[in-house]
Amino acid sequence: MIEITGLHKSFGKNHVLKGVELSLVPPGLIAILGPNGSGKTTLIKSILGMVIPDRGEIEVDGASIKKAWEYRRQISYLPQIARFPENIRVRELIAMVKDLRGETEMDVSLISYFGLQPFLDKKLGNLSGGTRQKVNLVLCFMYDCPIVILDEPTAGLDPVSLVRLKKLIKTKREEGKLILITTHVMDLVEELAEEVVYLLEGNIHFRGTVAELKEKYQGRNVEESIAALLQKDGPFSLGAVASNGHAKVPETLLEN
């Protein structure tokens with residue numbers, strides 16, 4: 001369980017998180033959505049301890065994460081952009097992560113699951129973007145962690161790998177894990193998410209099930225519902241339109 005209380009974070013004059021309150025309880029998949037600059041990545045990096053909030057508290061399983069690192073062993077993380085040395089081979093990268101984790105139990109079947117056997121001795125710099133993403137997915141899921149955080153996990157994936165990823169996510173959810181996902185692929189949210197948390201300019205503007213989102217904003221699907229939310233509450237709402245008829249652009253979108 002992750003408990004977030006009164007979370008604030010600013011970068012200079014840009015107030016990215018504005019008192020976020022959120023309880024994330026397993027099992028289930030929660031989609032954290034929002035436009036660029038809404039605070040999604042800052043929220044995720046705060047949970048991981050990569051960003052230090054200005055105010056507020058984050059607890060994992062009832063213990064504060066301040067000045068702590070052990071809790072991260074409970075988290076599998078797929079970053080939106082994973083950066084590794086270009087000259088390292090896939091086999092070497094997997095071994096390096098294994099050494100860093102210091103754990104012997106790992107799911108090596110994921111290598112064949114994502115069809116990576118032919119690429120094990122190839123350097124990362126010689127791989128396509130989609131193949132790199134499959135390597136990142138193996139690194140993320142090869143340890144059995146109760147919390148999984150996926151930042152844009154479908155980037156670059158071919159249709160076969162996308163279907164396999166969906167099956168893998170469903171399996172992990174059925175195992176009782178808490179899965180947090182950020183994505184711009186609304187079909188993925190529609191198919192997999194139990195809950196949606198929608199961030200806008202550092203605040204939570206909606207939290208509920210996919211069905212509740214569609215009912216509230218009268219959309220036939222998640223994509224239409226999010227569009228209606230933005231028209232009602234976001235930068236394209238009537239309240240955000242200037243007297244000359246043009247939409248005012250929020251400062252967070254200008255500065256991020």
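We did not get these values from a lab; they are worked out from the coordinates using the rules stated. A quick note: this is a predicted structure, and the numbers were derived from the prediction, not measured. A quick note on method: Cβ atoms are made from the backbone with ideal geometry, for glycine too, and the neighbour counts reach across all protein chains shown.
Result for the chain in a Gaussian network model with C-alpha springs under 10 Å: among 130, 28, 102, the largest mean-square fluctuation is at 102. Largest GNM mean-square fluctuation among 208, 176, 62, using the chain with Cα springs under 10 Å: 62. Using a Cα-Cα cut-off of under 25 Å, which lysines could be cross-linked to residue 214, ignoring same-chain neighbours fewer than 8 residues away? The reachable lysines, counting only those whose Cα sits under 25 Å from residue 214, are 40, 166, 167, 170, 232. DSSP finds beta bridges in the chain, and of those with both partners inside it, around 55 percent are antiparallel.
Is the shape of region 1-40 best called rounded, prolate or oblate, per the rule: a/c under 1.5 gives rounded, else a/b larger than b/c gives prolate, else oblate, with a ≥ b ≥ c the square roots of the Cα gyration tensor eigenvalues? Don't skip to the answer; put the middle values down first.
On the way: a/c = 4.12, a/b = 1.65, b/c = 2.49.
Taking the square roots of the gyration eigenvalues as a ≥ b ≥ c, region 1-40 is oblate.
Simple rule: put +1 on each Lys or Arg Cβ and -1 on each Asp or Glu Cβ in the chain, find the dipole, and look at 182, 231, 156; the Cα lying farthest toward the positive end is 156. Ranking 209, 118, 81 by Cα position along the charge dipole of the chain, where only Lys, Arg, Asp and Glu carry charges on their C-beta atoms, puts 118 farthest toward the positive end. By the count of other C-beta atoms within 10 Å, a proxy for reagent exposure, 9, 18, 134 are ordered fewest to most as 18, 9, 134. Residues 84, 114, 11, ranked from the fewest to the most other C-beta atoms within 10 Å, line up as 11, 84, 114.
Helices assigned as whole DSSP H runs in the chain whose Cα atoms extend at least 15 Å along their own long axis and whose mean Kyte-Doolittle hydropathy is -1.0 or higher are found at 90-101, 129-141, 159-174, 222-233. The overall shape of region 7-70, judged from the alpha-carbon gyration tensor, is oblate: a/c is not under 1.5, and a/b is no greater than b/c.
If you take the Cα centroid of region 84-108 and the Cα centroid of region 116-169, the two points sit 14 Å apart.
Residues whose amide H comes within less than 5 Å of that of residue 177, counting only those at least five positions distant or on another chain, are 28 (H built at 1.01 Å from N in the peptide plane). The charge dipole of region 2-255, taken about its Cα centre with unit charges on the Cβ of Lys, Arg, Asp and Glu (plus for the first two, minus for the last two), comes to roughly 560 debye.
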